[in-house]
1. Rounded to the nearest 10 degrees, what's the angle between the helix 10-33 long axis and the longest principal axis of the chain, both from Cα atoms, 0 to 90?
2. Could you work out the mean projected area of the convex hull around the alpha carbons of region 1-110, in square nanometres to one decimal?
3. Using the charge dipole of region 1-122 (Lys, Arg: +1 at Cβ; Asp, Glu: -1 at Cβ; taken about the Cα centre), state which of W42, L109, P6 has its Cα farthest towards the positive end.
4. With +1 on each Lys and Arg Cβ and -1 on each Asp and Glu Cβ, and nothing else charged, work out how big the dipole of region 15-146 is about its Cα centre, in Debye to the nearest 20.
5. Looking at region 20-91, which trypsin sites (Lys or Arg not before Pro) are in a loop (DSSP not H, G, I, E or B) and have at most 13 other Cβ atoms within 10 Å?
6. In region 18-51, what chymotrypsin sites (Phe, Trp or Tyr not before Pro) fall in a loop by DSSP, with at most 16 other Cβ atoms inside 10 Å?
7. If you filter region 80-169 for chymotrypsin sites (Phe, Trp or Tyr not before Pro), then keep DSSP loop positions with at most 15 other Cβ within 10 Å, what is left?
8. Could you check the spin-label model distance between L103 and L68? Points 7 Å from the Cα along Cα→Cβ, value in nm.
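Values quoted throughout were computed directly from the atomic coordinates according to the rules given, and no laboratory measurement underlies them. Keep in mind the model is a prediction, meaning the values are calculated, not measured. Cβ placement follows ideal geometry from the backbone for every residue including glycine, while neighbour counts extend to all protein chains displayed.
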Amino acid sequence: MSQRAPYQPSLLRLLHGAMVLLVPLASLSGAAVFSNHDGRWWRLPFQLPGDWIDIHGTVGVILWPLALLFAAYALSFGRARLARAANAAALMGLLLAVVSGKLMEEDWLREGQFDQPIYHLHLVAWILVTGAVLWHIVAVLSRGGLLLARSMFRLETRDNDRPWLFIRR
């Protein structure tokens, strides 16, 4: 007997999809920044070409408003989903990362100022986001398998479920 995939609200899928694209980009560009400029705990065996601070900052500028929209959705329409610890941890890590990133000065790393408290908070947020996202993926797969995971990437919408309809609620 085949199971039918659960239906996920379109706004959740849209915002979640943006996070699926941007969070790994932020994490990987952040790893490049850390390796090229700080590298206290680990460093790639080669220098990555490019201005990774600007690349990472650009991803952060795009991520910032989308993360706030995602948080607004989660705290309103998605409150029930936040009862799952893995979901709440992923959202908290994301918010800590974007807020601490917004408070950073990009010249700190270029000038070798690695002891700024906000920078340390941003590094902690990076670790939390990575762990929370992995926990979130494992929790989704253990709760609903690939069927649940794939439901977040479906393109179909129901007549009463269009992203702009959430504004009227």
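1. 20
2. Numbers: hull surface 38.7 nm².
That works out to 9.7 nm².
3. Ranked along the dipole, the leading option is P6.
4. Details: 8 positive and 8 negative charges, 163 e Å.
Dipole magnitude for region 15-146 comes out near 780 debye.
5. Values: sites: R40, R43, R79, R81, R84; in loops: R40, R43, R79, R84.
Sparse-neighbourhood loop trypsin sites (Lys or Arg not before Pro): R40, R43, R79.
6. Working: sites: F34, W41, W42, F46; in loops: W41, W42, F46.
Sparse-neighbourhood loop chymotrypsin sites (Phe, Trp or Tyr not before Pro): W41, W42, F46.
7. Numbers: sites: W108, F114, Y119, W126, W135, F153, W164, F166; in loops: F114, F153, W164.
The qualifying sites are F114, F153, W164.
8. Rounded to a tenth, the inter-label distance reads 1.6 nm.
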